[in-house]
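Taken together, the values in this text are just the output of simple stated rules run on the coordinates, not laboratory data. Please read these numbers as outputs of a predicted model, since none were measured by experiment. Don't worry about glycine lacking a Cβ; one is built from the backbone with ideal geometry, like all the others, and counts go over all protein chains shown.
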Amino acid sequence: MTHTTPLIQLKDISKRYPLAEGQFYQALSGVSLTVHEGEFVAIMGPSGSGKSTTMHIVGALDTPTTGVYLLKGKDISAYTSNQLAELRNKEIGFIFQSFNLLPRTTVLKNVERPMIYAGVSQSERTRRAMEALKLVGIEDKANNVSNHISGGQIQRVAIARALVMDPAIILADEPTGNLDTKTSDEIMNFFTQLNKEGRTIVVITHEPDVAAYAQRVIKIVDGKIVSDSEK
């Protein structure tokens, strides 16, 4: 695969969290990686390896203690929390294991949420939300309340919500963790299809079966990258 545009560049990233009395926990130590536009990458590691911290930094949910993060060539390492919030809404589509949907709200309203923060008009929100729901195959559930549909359908709603702002990156954290094997395969096959259509996808997982769908697997142990292999 030939790559041109570096979308994500982490350069010598370290992250430490303060503990009591001047002590600290070193979550990441000198992590450097590049993800190009159109890649499908899995970041793997056991619990406590630093993969979630890596996801938080890549997703602009947290900032590094040292090192540089370039997103689309821009250094966002020292962005303010407001700048990061705006960046997340525009450039990064999040899909979490816990889904993070509003339970007593319709599927349609859940998918519209990122666009409300971006000031998109009501008619345009509805149009784009329905388009995204059609893409994930559940437009017929638009008016259902989110806690009255199946786990696989809920995850599809979360994917639709991640797509509505047309983000540069789809970032999925343990996206099949709450799903049975058959539904997990359906969701991962859907990610594969999105990637074939040109979406850049980064999946955080501890499951080899999930990582196997990616074209490239980065393994993190004890806060350091120990391997980075492409298929």
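Is one or more of the residues making up the stretch 112-124 surrounded by 17 or more Cβ atoms within 10 Å (Cβ to Cβ) and part of a loop (DSSP other than H, G, I, E, B)?
Yes: the stretch 112-124 contains one or more residues that are surrounded by 17 or more Cβ atoms within 10 Å (Cβ to Cβ) and part of a loop (DSSP other than H, G, I, E, B).
Go through (1) within 26 Å of I159 (Cα to Cα); (2) assigned to a loop (DSSP other than H, G, I, E, B); (3) touching a residue at least 40 places away in the same chain (Cβ under 8 Å) for P64 and report which single condition fails.
Evaluating P64 over (1) within 26 Å of I159 (Cα to Cα); (2) assigned to a loop (DSSP other than H, G, I, E, B); (3) touching a residue at least 40 places away in the same chain (Cβ under 8 Å) leaves (1) as the failure.
S47 versus (1) over 16 Å from I169 (Cβ atoms); (2) touching a residue at least 60 places away in the same chain (Cβ under 8 Å); (3) surrounded by 14 or more Cβ atoms within 10 Å (Cβ to Cβ): which is the lone unmet condition?
Of everything listed in (1) over 16 Å from I169 (Cβ atoms); (2) touching a residue at least 60 places away in the same chain (Cβ under 8 Å); (3) surrounded by 14 or more Cβ atoms within 10 Å (Cβ to Cβ), S47 misses just condition (3).
Return the residues of the stretch 93-135 that are over 22 Å from the mean Cα position of the chain (by Cα) and in contact (Cβ under 8 Å) with a residue 12 or more places away in the chain; say none if nothing qualifies.
Within the stretch 93-135, R104, T105, T106, T126 qualify.
Just one of (1) surrounded by fewer than 15 Cβ atoms within 10 Å (Cβ to Cβ); (2) assigned to a strand (DSSP E or B); (3) more than 19 Å from the chain's Cα centre (by Cα) trips up K15, so point out which.
(1)
Yes/no matrix, rows are residues, columns are (1) surrounded by 21 or more Cβ atoms within 10 Å (Cβ to Cβ); (2) over 20 Å from V41 (Cα atoms); (3) among the β-branched types (V, I, T):
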site	(1), (2), (3)
G151	no, yes, no
Q155	yes, no, no
T181	no, yes, yes
R199	yes, no, no
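Within the bounds of the stretch 81-90, is there any residue that is in a helix (DSSP H, G or I), over 20 Å from I8 (Cβ atoms) and more than 21 Å from the chain's Cα centre (by Cα)?
no
I'd like the full set of residues that are more than 20 Å from the chain's Cα centre (by Cα), outside any loop (DSSP other than H, G, I, E, B) and more than 11 Å from N110 (Cα to Cα), limited to the stretch 136-153.
E139, D140, K141, N147, H148
Of the residues that sit in the stretch 76-92 and are under 15 Å from I116 (Cα atoms) and touching a residue at least 40 places away in the same chain (Cβ under 8 Å), which one is surrounded by the most Cβ atoms within 10 Å (Cβ to Cβ)?
N89
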